[in-house]
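A short worksheet on the structure shown next.
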Amino acid sequence: MAKHKKKFGKIKISACYIVKNAANDLRRSLESLVKCVDEIIVVDTGSTDSTVAVAEEFGAKIFHEPWQDDFSAPRNVALREATGDWIVFIDSDEYFIKNTAKNLRAAIKQARNKNIPGLLVKWVNVDADNGNKIINATYVLRIFEKAAGVHYVGKIHEDVYSGDEPLNRAMISADLLTLYHTGYSATISRAKAERNLKLLLEELNTSDKPERIYAYLVDAYYAVEDWTNAEKFARLDLEARKNPSNRPISILLEILEKDSSRSEECFEFAKLAVERYPKVPEFSAVLADCLARQGDYRGAVAEMQRAIDKFKNYGEQFESTNFDEYRLRAAQSLIDEWREKIIFTPEEKRLEVSRLTQELVYCVEVLNDTNAAIRIAGKIFALKPDEPEPVERVASIYTQCKLVAAFEVLDYLKKNFPPTRYRSLLQSQGYMLKKNYLEAIKIAKPALDADDGNFMTTMMLCNTLGQAHWRIGDIDNALKYYARNAKRNLAPVKNTLSFPQAEKMRREDYDNMLFNMHNRNFSREKIFEETLGFNKLLAHIPRFKHNRKKHAAHKKIRIGYISPDIHFHVVAFFVYNLFAIMTRPALKFLSTPTTRRTTSPKNSAQTSTPSEIFLTSPLTKSPRRLWRMKLIFWLNWRGTRRIILCPSWRINLRQFKCRALATLIRRGLTRLIIFLPINTPTPKA
C-alpha cells in the first residue's frame, strides 16, 4: 500500500470490500479508486482464485471471514477493522467511471460541512456482455461517516443503520461521482437472482421488519420470471409504503400491461404511480396508454406530452427511469396517431390547425427541414381546415417537393375556397407537375394580368409562365417572362422576409434568360451586354474562401474554386469559340509551354501547347475592376478542345454539380463555360 498511499489532510478515507472469487472485477474496481483513498480493507469469504493476491497487489489489508449466508456479517467485520473517518464501501463488480473517484474527498468535505452522514451515489447498471449497455440507473448509499452505532442490517440487500434507524443520507451530483455496476449482466443475472431469492426468503421468515425486503423479493421473482410472486410482493410493498424506490410499482405495471383483461387494474395503478412519483416519465406514458385504450385520446395525448416534458426536464432524481430516446420517439409517434383519432370541436380544430401551421412555418423558415415540413403538412390537411391559408401552405410544400398528394390538396382548395391570384398560381404549378403546360399557361396568364399588388405572387407567376412556355418550345414568350423577373426592381421587398426568395428567383430567371438567348442565337455582343447586368446582380456576393491545405492533395484536374452554391457564379455558357472575337494581344501566356506526345503511335513528334493562359475579362471597362481570369484548357485524346474559363482559384473538377459543366463534359464539341469571380482584387503586375 505504501506506493499508493497519499495523505489528504485531516479526513482519512477507507475503501472497504467483501469478496469471493472476484479477481478480475476486484482489479478493475481497485484501479478506479486506489489513488484516492488512504487504506483498503478487503474481507474475503472463501476465495479459491487469485482474488486475495490481487488485493495484496494494491496494498490492501486482508481479513478472512467464513461465509454464513449473510452479507451483513463480513461487511460489519470490514467496518470494525477500518481506521478511516469515512467509509467508501463498494462491491467488487462496481467501479467509479471517468476518474470520478478523484472527487471523493471534495464530496465528503461537502457532506461533512452540511452534517450529512451518508451519501447516495449514482449507480448505473450496465450489461458487460453487451458493450456496457445501460440497463437502468438509480442512487445507492456507498459513502458514509464511520461513527459509533453505524452498522449493516440484513442478510441480503443490506442497508446501513445508525442504531435502530436507517442512516440519514443525501444525493451527490453524478458529475462528481458515478458508479458502474456489472452484476446484472445477462450471463449472471438469473443465477444471482436465484441465490438472492433463497437468502431473502430465509430472512423473510425470521425478520421483524419484513417490509424492508419486499422490494428485493419483487426484483428476485421478476428476474426468475415468476410473475405471480413478483406481483404479490409488489402489492405488499405498495401497501407498506416504507420503500422509496419506484421499482416495485414499475414491475407491477409491466405485469398488468401484459394482460389486456386487467386494463382497469393497470389504469388504477398507473394513476397511483403518477401520484406517488410525479417526476418519473414512464408512469405518465403508461397512464396515457391506458387512457388511449379507453378511447380518451385527448387525455392520452395530454398525458403522453407530460411524459415527454418530464423526460426532457428529468435531471438527477433518486427515482430510476427507463424512459430513453427510443421511448421518446415511440411516444411522439403515439401522440401523432392519437391526435388523428380525436374528434375536435370547431374551436379545438382551429387551435390545432393554428398550432401545426406555426410548427410548419418554423420547420420551413428556421430549420429548413423538408421531411418534417411534409409530415406536418400532412397532419394539417388531415384536419381539413376551414381556413384557406393553412391549405395554401400545404399545397405550396407539396408542389415544391413535387408530391402526387399535391393534386388532392389543390382539388380541396379549388372546391372549398374562391379563386385568388395565389390560388391560381398554386393550381398552375399543379398542372406543371402533371405536365399539362397549356392548362398551366391558361390559368397563370389571367392571374398575372389581374395584378393585386402582391410582389412575390407576381414573380412566381412570371417564373411559372416562363417555364411552361419553355416546355412547349415557345422560347420567345419564355424569354419575355424570364426577362421580367431578371430585370425586376426588388426595392418593394428590400427589407422584408421575402427578399432572399425574390433575389434567388431573380438570379435563376436571369440565368434562364441568358440560356435561352443563347438558344435563340442572339449576337455575342447582346449576350455579353446582358451578362454584364447579371454580374451587377451578383456584386454583393462574397468570394468563397479557399482552403488550400485541404485541397492541395487533389489528384484530379484543378481549375478554380467556386462557392458551393455554384449557380450564383455561372454567368453564361456558349458553344462559340471564344477566340473568334478575341485578338492575340488579349491573351498573355504566363507559363512556359508544356509538351506532350500526340495520340497516334505512328507519330511520336512532340507538340507544344500553353498550359496556362490569363485573360482580362471583356465585361468591364473600369481599370480598378479588371479581372484576371485563369484559362486552363486541354486536348483530349480525340483532339477535341474543351475550354473552361474560371477565376484563379482551384477546384476539384469532380465537385462541380452544375448542369452546364455536366453538359460540357458529356458532349464532344468545343465548349466554353464562363465563371465570374465576385470582388476579386486585381492581381499585382
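Only protein heavy atoms count here; under a 1.4 Å probe, Phe267 has an accessible surface of about 30 Å².
Take the range 298-398 with all the other protein chains still there, run a 1.4 Å probe, and you get 55 Å² of accessible area per residue. Along the range 128-144 the Karplus relation, 6.51 cos²θ - 1.76 cosθ + 1.60 evaluated at θ = phi - 60°, assigns HN-Hα couplings of 5, 7, 10, x, 6, 5, 6, 8, 6, 8, 7, 10, 10, 7, 10, 10, 7 Hz to successive residues, with x for each Gly and Pro.
Proximity of backbone amide H atoms, modeled 1.01 Å from N, is registered between Phe323 and Glu282 at under 5 Å, excluding neighbours fewer than 5 places apart on the same chain. Per-residue surface analysis assigns Glu392 an accessible area of about 30 Å², computed on protein heavy atoms at 1.4 Å probe radius. Solvent-accessible area per residue in the range 441-486 equals 43 Å², computed with a 1.4 angstrom probe and all protein chains kept. Look at the alpha carbon pairs under 8 Å that are at least 6 residues apart: their mean separation over the length of the range 249-378 gives a relative contact order of 17 percent.
I'd like the carbon and sulfur percentage of the solvent accessible area for the range 136-226, probe radius 1.4 Å, heavy atoms only, ligands and nucleic acids excluded. Please report the intermediate quantities before stating the final value.
Details: 2040 of 4160 Å².
Carbon and sulfur: 49 percent of the exposed surface of the range 136-226.
Find, among the trypsin sites (Lys or Arg not before Pro) in the range 374-434, those assigned to loop by DSSP (not H, G, I, E, B) with at most 14 other beta-carbon atoms within 10 angstrom. Loop-located and lightly packed - Lys402, Lys434. Solvent-accessible surface (1.4 Å probe) assigned to Lys109 amounts to roughly 90 Å².
Phi angles across the range 301-307 convert, under the Karplus curve 6.51 cos²θ - 1.76 cosθ + 1.60 with θ = phi - 60°, into 3J(HN,Hα) values of 4, 5, 5, 5, 5, 5, 4 Hz, Gly and Pro given as x.
Just to confirm the filter: which GluC sites (Glu not before Pro) across the range 276-374 are DSSP coil and have at most 15 other Cβ within 10 angstrom of their Cβ? Passing sites in the range 276-374 are Glu316, Glu340. The H on the amide N of Ile90, modeled in the peptide plane, is under 5 Å from the matching H of Cys16, each at least 5 residues off or on a different chain.
Under the classification rounded if a/c is under 1.5, otherwise prolate if a/b is larger than b/c and oblate if not, where does the range 129-215 fall, given a ≥ b ≥ c as square roots of the Cα gyration tensor eigenvalues?
Oblate, since a/c reaches 1.5 and b/c is not below a/b.
Amide H contacts of Ala170: Gly118, Leu119, Leu120, each under 5 Å away and 5 or more positions distant or on a separate chain (H built 1.01 Å from N in the peptide plane; Pro and chain starts excluded). Looking at the range 118-257, the accessible area is 45 square angstrom per residue; that uses a 1.4 Å probe and ignores ligands, DNA and RNA. Derived scalar couplings between HN and Hα for the range 497-502 equal 5, 7, 4, x, 5, 5 Hz in order, rounded to whole Hz, by the Karplus curve 6.51 cos²θ - 1.76 cosθ + 1.60 (θ = phi - 60°), x for Gly and Pro. Overall, the accessible surface of the range 363-495 at a probe of 1.4 angstrom is composed of carbon and sulfur to the extent of 50 percent.
A cut-off under 10 angstrom between Cβ atoms defines the neighbours of Ala101, and their net charge, with Lys, Arg +1 and Asp, Glu -1, is +3. For the pairs Lys192/Lys312; Lys384/Lys480; Lys10/Lys98; Lys35/Lys133, flag any whose C-alpha to C-alpha distance is greater than 32 Å. From Lys192/Lys312; Lys384/Lys480; Lys10/Lys98; Lys35/Lys133, over 32 Å: Lys192/Lys312; Lys384/Lys480. Using a 1.4 angstrom probe on heavy atoms only, work out the carbon and sulfur share of the accessible area of the range 37-128 in %. Solvent-exposed carbon and sulfur of the range 37-128 make up 47 percent of the total.
Determine the sum of side-chain charges near Ser50: Lys and Arg each +1, Asp and Glu each -1, restricted to other residues whose C-beta is under 13 angstrom from that of Ser50. Could you put the intermediate results ahead of the total?
On the way: positive: Lys20, Arg27; negative: Asp25, Asp44, Asp49, Glu56, Glu57.
Neighbourhood net charge equals -3.
Please report the net charge: other residues with Cβ closer than 12 Å to the Cβ of Ile249, K and R +1, D and E -1. Computed value for this residue: -3.
The values are calculated or read from the model by the stated rules, or taken from the named source; none is laboratory data. Everything numeric here is computed off the predicted structure, so don't read it as measured data. Because the Cβ atoms are built from the backbone with ideal geometry, glycine has one as well, and the counts that use them run over all protein chains shown. Protein only, heavy atoms only, side chains kept; ligands, DNA and RNA dropped before computing areas. Shrake-Rupley method; radii C 1.70, N 1.55, O 1.52, S 1.80 Å.
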